[in-house]
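Chemist: Mind looking over this structure? Questions follow.
The values are calculated or read from the model by the stated rules, or taken from the named source; none is laboratory data. Because the structure is a prediction, the values reported are computed rather than measured. Cβ atoms come from the backbone with ideal geometry, glycine included; neighbour counts cover every protein chain shown.
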Amino acid sequence: MKIKLRYILTIAFTLVAAVPVLVLGFWIEHTALRKEVDAVWEKHLLLADQTAALLQLYALDVESAFAYFATLDAKAAASGSVALVAHRLGLRHFSIIDDKDRVLTDIRADPMPGKAFDSATITGLMPLMYDKIAFSPVMADSGGQPTIFLVQRLDEKRIAMAALSTDYLVQLQSTISFGEQGYAAVVDQKGNVIAHPNDAWRTAIKNIAALDPVGRMLEKKRGVTTFYSPAMKEKVVAGYTTVPETGWGVMVAQPYRELVANAEDVKHVALFLVFCGIVAAAMISWIFADRLTRPLDAVRTTARRIAGGKLNSRVPPLPQLTSSDLRELAEDFNEMADRIQNDQKTLAAALSRAQGADQAKTQFLANMSHELRTPLNAVIGFSETMEHQLFGPIGNERYVTYATDIRRSGEHLLSIINYILDLSKIEGGDIVVENDTVDVAKLTNEVHRMLERLAAGSLVDFKIDIARGIPYVRGSEVKLKQILVNLASNALKYTPPGGHVVLSAWQDRGGGISIAVTDTGIGMSKADLAVALVPFGRADNEVVQRINGTGLGLPLAKRFTEIHGGRLEINSERGVGTTVVVHLPSARTIADVA
């Protein structure tokens with residue numbers, strides 16, 4: 001009795017497939033509960049993390065509003081829009097109080113008579129008074145409402161305080177529900193209830209720090225645990241985490257019995273899937289069998305060889321019994337491999353030509369700059385000689401003016417050539433940063449002296465502000481000076497008479513050195529800034545176009561900063577001014593100079 005290979009393969013594949021399907025079904029039936037618990041653990045922890053992230057964003061928004069209110073004077077604080085912002089964030093009251101218990105600034109989202117904060121409240125919050133904004137544990141305010149207070153010491157004589165309603169936290173907690181009785185809870189830094197399904201616990205500000213997940217949250221831990229819930233009077237599974245900004249704890253819990261019920265449903269589904277799996281295995285084995293596997297293995301093997309770098313690999317001839325569609329697949333694959341190999345050769349040739357062209361461009365610029373600078377230096381020198389009439393009077397004063405114009409034009413053209421050469425060197429990777437020991441204070445003072453005359457001629461107040469004892473840095477003194485000259489001269493050019501330009505320097509918290517140029521000039525929009533950072537780019541602005549410039553100073557400053565391992569930060573606003581900060585990394589700071 002002859003049996004076709006197709007039948008043999010079908011029976012064999014079905015039997016082989018049936019064994020793992022049966023084992024899988026048996027395994028699912030006996031591990032359903034554990035899998036359900038594992039899945040719920042991940043889900044609860046993820047939900048707790050997401051809730052904590054929302055609370056983190058909310059806390060940051062409240063902090064930002066608090067910091068903004070602290071900058072307002074009494075008149076600005078009385079604005080209705082300020083009270084509206086406070087109301088939307090849940091900030092019922094905000095006050096700035098001096099050391100004589102006088103209220104300097106008062107913002108009230110909820111109208112109420114008298115002082116917003118009594119002496120007892122202020123005294124109780126004194127341990128939290130630091131330079132940084134602090135969130136208090138939840139406590140009852142003068143009206144008995146659960147409240148979170150924000151406090152900050154502004155200076156030796158003033159403190160800022162705000163009363164934050166817990167309504168948003170309660171609302172967020174109430175929206176989290178799953179299963180039949182799943183719930184969420186939020187506690188403060190001491191384990192006091194902020195938001196909970198049991199509203200009596202919230203209004204009484206009940207302390208539940210004795211619960212296992214709450215105790216772990218107070219230790220800044222994150223995870224999942226099971227415990228007996230007094231609120232539900234049964235065993236629950238809970239995911240828990242904390243909000244870094246405030247120390248609040250978030251717990252997401254579900255009764256354990258719901259997981260048991262879900263596991264039973266999974267067992268029933270598993271039995272059904274076992275049956276379907278065996279039927280599907282038989283059908284698939286009958287259809288595909290050997291005709292599918294061999295051609296696909298050949299294509300896969302060839303693909304792996306090509307991926308490994310053997311681009312000349314091709315799918316070998318397939319057996320005669322292979323179906324036409326699989327033959328076409330192999331032929332199409334080989335054609336694709338041919339095109340990839342040809343394209344790689346074309347790209348390699350194009351890259352070689354591009355590299356040659358780039359090298360030729362760099363060499364051309366270097367040669368041209370040398371050829372142009374020699375006669376330009378002569379023109380500048382001769383025009384300066386004529387301008388100062390070193391060998392006697394010229395005769396007509398207009399010729400002296402012409403000589404001045406020639407010198408200035410030559411110097412301008414020479415600076416453009418030098419800028420172009422610097423850009424070419426940077427793009428070609430030919431610039432090496434020298435390891436000079438640079439005195440930042442001395443360097444900024446030199447730049448200030450160099451540009452004092454330009455500032456005086458422009459009627460601009462030009463000052464320096466250097467932090468005392470600022471460390472030295474290691475880098476190219478010439479390039480760093482060029483960065484500061486470019487930035488400061490730009491600021492002076494684009495600042496109208498009566499404006500201010502400040503050149504400042506300080507050491508960052510991370511140990512790096514920052515040098516900033518701040519002006520009250522015409523400023524730039526985001527679109528203008530994008531153009532200004534491109535070589536030869538100048539903003540489409542009538543004032544900018546009217547002032548002479550090459551459009552190379554800012555791009556060069558940025559690239560010189562980057563080759564020092566630093567970064568250039570620009571903040572600008574039309575009609576307000578511009579601040580450009582050169583951040584040098586801490587690796588270039590010299591801690592001690594002998």
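Chemist: Going by the conditions given, is ASP199 crowded, with 20+ Cβ neighbours inside 10 Å, in the same structural domain as GLU219 (by TED's automatic domain parsing) and charged (D, E, K, R)?
Modeler: no
Chemist: Can you tell me which of (1) surrounded by 15 or more Cβ atoms within 10 Å (Cβ to Cβ); (2) of a type outside the set (Phe, Trp, Tyr); (3) under 17 Å from PRO255 (Cα atoms) is the one GLU180 doesn't meet?
Modeler: Checking GLU180 against (1) surrounded by 15 or more Cβ atoms within 10 Å (Cβ to Cβ); (2) of a type outside the set (Phe, Trp, Tyr); (3) under 17 Å from PRO255 (Cα atoms), the one that fails is (1).
Chemist: When only residues in the stretch 432-442 that are aliphatic (A, V, I, L, M) and under 13 Å from ARG474 (Cβ atoms) count, which is farthest from the chain's Cα centre (by Cα)? Quick ask: steps written out before the conclusion?
Modeler: To start, the set of residues in the stretch 432-442 that are aliphatic (A, V, I, L, M) comprises 432-433, 438, 440-441.
After this cut, where a residue has to be under 13 Å from ARG474 (Cβ atoms) as well, the list is 433, 438, 440.
Values: VAL433: 29, VAL438: 32, VAL440: 30 Å.
The qualifying residue farthest from the chain's Cα centre (by Cα) is VAL438.
Chemist: Restricting the search to the stretch 210-243, which residues are in a loop (DSSP other than H, G, I, E, B) and under 36 Å from the mean Cα position of the chain (by Cα)?
Modeler: Within the stretch 210-243, GLU219, LYS220, LYS221, ARG222, VAL243 qualify.
Chemist: Looking at ASP118, is it in contact with a His (Cβ under 9 Å, 6 or more places away or on another chain) and not hydrophobic (A, V, I, L, M, F, W, C)?
Modeler: Spelling it out, it is not the case that ASP118 is in contact with a His (Cβ under 9 Å, 6 or more places away or on another chain) and not hydrophobic (A, V, I, L, M, F, W, C).
Chemist: Would you pick out the residues in the stretch 73-113 that are of a type in the set (S, T, N, Q) and either over 32 Å from the mean Cα position of the chain (by Cα) or crowded, with 19+ Cβ neighbours inside 10 Å (or both)? Break it down into steps so the answer makes sense when it comes.
Modeler: First, pick out the residues of the stretch 73-113 that are of a type in the set (S, T, N, Q): 79, 81, 95, 105.
Once the filter is applied, which keeps residues that are of a type in the set (S, T, N, Q) and either over 32 Å from the mean Cα position of the chain (by Cα) or crowded, with 19+ Cβ neighbours inside 10 Å (or both), the stretch 73-113 yields SER79, SER95, THR105.
Chemist: Taking the criterion of being modelled with pLDDT of 85 or more and not small (Gly, Ala, Ser), would at least one residue in the stretch 34-43 satisfy it?
Modeler: Checked against the condition, which is being modelled with pLDDT of 85 or more and not small (Gly, Ala, Ser), the stretch 34-43 yields no hits at all.
Chemist: Give the residues of the stretch 457-500 that are in a loop (DSSP other than H, G, I, E, B) and among the charged types (D, E, K, R), sorted by residue number.
Modeler: Start the filter on the stretch 457-500 by keeping residues that are in a loop (DSSP other than H, G, I, E, B), which leaves 458-460, 467-471, 476, 494-499.
Matches in the stretch 457-500: ARG468 only.
Chemist: Can you confirm whether ALA65 is modelled with pLDDT under 85 and crowded, with 18+ Cβ neighbours inside 10 Å?
Modeler: no
Chemist: State all residues of the stretch 123-157 that are more than 25 Å from ALA209 (Cβ to Cβ) and in contact with a Ser or Thr (Cβ under 9 Å, 6 or more places away or on another chain); if no residue qualifies, say none.
Modeler: SER142
Chemist: In the stretch 136-153, is there at least one residue being in contact (Cβ under 8 Å) with a residue 24 or more places away in the chain, over 22 Å from TRP41 (Cβ atoms), within 36 Å of the chain's Cα centre (by Cα) and assigned to a helix (DSSP H, G or I)?
Modeler: Checked against the condition, which is being in contact (Cβ under 8 Å) with a residue 24 or more places away in the chain, over 22 Å from TRP41 (Cβ atoms), within 36 Å of the chain's Cα centre (by Cα) and assigned to a helix (DSSP H, G or I), the stretch 136-153 yields no hits at all.
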